[in-house]
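Enquirer: Dropping the structure in here first, questions after.
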Amino acid sequence: MNELARLLVQGGDETADECFKGVFFRQILPASAAKKDRYDLVVSAFSLLELASEKQRNEVIDRLWQKTNGYLVLVENGTNAGHRLIQEARKQILESNESRTTLEGVDANEAENSENSLNNMAHVFAPCPHDMVCPRENDGSGTPCNFQVSYQPLSIFKKDVSALRENIKFSYVVLKRGERTEESWPRLVRPSLQRHRHIHCDLCTASGQLERVILSSGNCGKTLYRCAKRSNWGDLLPIKLTKDAKQDIQD
């Protein structure tokens with residue numbers, strides 16, 4: 001897998017230089033947790049399900065987060081099992097944060113410790129626009145929070161792939177160091193249902209709830225309506241939902 005990843009960043013040419021600088025490939029996770037050994041982007045894809053126990057997963061997740069200076073990306077299969085592992089890791093990191101404090105009211109001697117505390121915080125950058133429990137856990141549908149991507153399989157596995165594309169579902173979370181500083185737009189968590197002159201959108205919102213809104217050019221304006229029509233499953237929708245606004249949209 002490392003050799004394939006290296007070939008990809010070489011543009012498919014084994015003799016070429018890597019397209020990106022500062023990319024490292026390792027067989028095992030480095031042991032050091034020093035800040036100088038952290039990385040802006042840490043990615044773990046389709047790996048957690050291969051670990052035998054919850055204890056092993058917790059240890060790996062802790063080490064991945066210790067290595068993260070900016071963003072930690074976790075990806076698993078879009079099944080119920082994959083969704084549960086993503087939620088398990090998400091909960092572990094969010095609950096391991098130090099208690100949230102502000103810099104107000106602290107003297108100069110405490111400022112550095114408070115700044116370190118803020119740096120140790122985490123929030124969900126994507127797909128959730130909130131840090132609360134995933135609403136899929138309590139909606140009674142038994143369906144995971146997942147998304148879909150289309151890809152063309154490698155020719156070594158298929159005889160004729162000239163016009164063939166396949167779809168795969170995946171669950172993921174992107175965790176970012178630091179405090180959430182602003183309210184996020186809601187995200188489309190299922191394909192939109194387009195009807196005559198209106199569209200049904202299933203959204204995960206900043207309030208930690210799943211909401212279905214009905215958009216038309218009459219209740220939200222032509223620009224937002226066109227944007228919603230062209231948005232795909234997994235996209236953010238540039239709309240701020242308040243209680244009054246949701247009532248107006250649905251009416």
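Enquirer: Considering each residue of segment 162-183, count those that are open to solvent by less than 20 Å² (accessible area, probe 1.4 Å) and without any contact (Cβ under 8 Å) to a residue 60 or more places away in the chain, and give that number.
Expert: 0
Enquirer: Quick check on THR242: is it under 26 Å from ASP131 (Cβ atoms), surrounded by fewer than 17 Cβ atoms within 10 Å (Cβ to Cβ) and at pLDDT below 85?
Expert: Yes.
Matching residues to (1) within 15 Å of the chain's Cα centre (by Cα); (2) buried (at least 16 other Cβ atoms within 10 Å of the Cβ):
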{"residue": "LEU41", "(1), (2)": "yes, no"}
{"residue": "ALA45", "(1), (2)": "yes, no"}
{"residue": "ARG57", "(1), (2)": "no, yes"}
{"residue": "ASP62", "(1), (2)": "no, no"}
{"residue": "TRP65", "(1), (2)": "yes, yes"}
{"residue": "LEU72", "(1), (2)": "yes, yes"}
{"residue": "VAL75", "(1), (2)": "yes, yes"}
{"residue": "GLY82", "(1), (2)": "yes, yes"}
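Enquirer: A further question follows. Quick one: is LEU41 touching a helix residue (DSSP H, G or I) at 6+ places or on another chain (Cβ under 6 Å) and either at pLDDT 80 or above or assigned to a strand (DSSP E or B) (or both)? Outline the logic, then answer.
Expert: On the way: touching a helix residue (DSSP H, G or I) at 6+ places or on another chain (Cβ under 6 Å): no; either at pLDDT 80 or above or assigned to a strand (DSSP E or B) (or both): yes.
No, not satisfied.
Enquirer: Can you work out which of the residues in segment 184-208 that are in contact with a His (Cβ under 9 Å, 6 or more places away or on another chain) and closer than 19 Å to MET132 by Cβ is most open to solvent (accessible area, probe 1.4 Å)? It would help to see each step written out before you state the result.
Expert: Filtering segment 184-208 for residues in contact with a His (Cβ under 9 Å, 6 or more places away or on another chain) gives 184, 192-194, 204-208.
Cutting the leftovers down to closer than 19 Å to MET132 by Cβ gives us 184, 204-208.
On the way: SER184: 37, CYS204: 12, THR205: 10, ALA206: 30, SER207: 63, GLY208: 9 Å².
Going through the qualifying residues, I end up with SER207.
Enquirer: Is there a residue being in a helix (DSSP H, G or I) and in contact (Cβ under 8 Å) with a residue 24 or more places away in the chain anywhere in segment 6-26?
Expert: Within segment 6-26, not a single residue is in a helix (DSSP H, G or I) and in contact (Cβ under 8 Å) with a residue 24 or more places away in the chain.
The values are calculated or read from the model by the stated rules, or taken from the named source; none is laboratory data. What you are looking at is a predicted structure, and each value in this text was computed from that prediction instead of being measured. Glycine also receives a Cβ, built like all others from the backbone with ideal geometry; neighbour counts cover every protein chain displayed. What goes into the accessible areas is simple: the full protein's heavy atoms, side chains included, and nothing from ligands, DNA or RNA. Shrake-Rupley method; radii C 1.70, N 1.55, O 1.52, S 1.80 Å.
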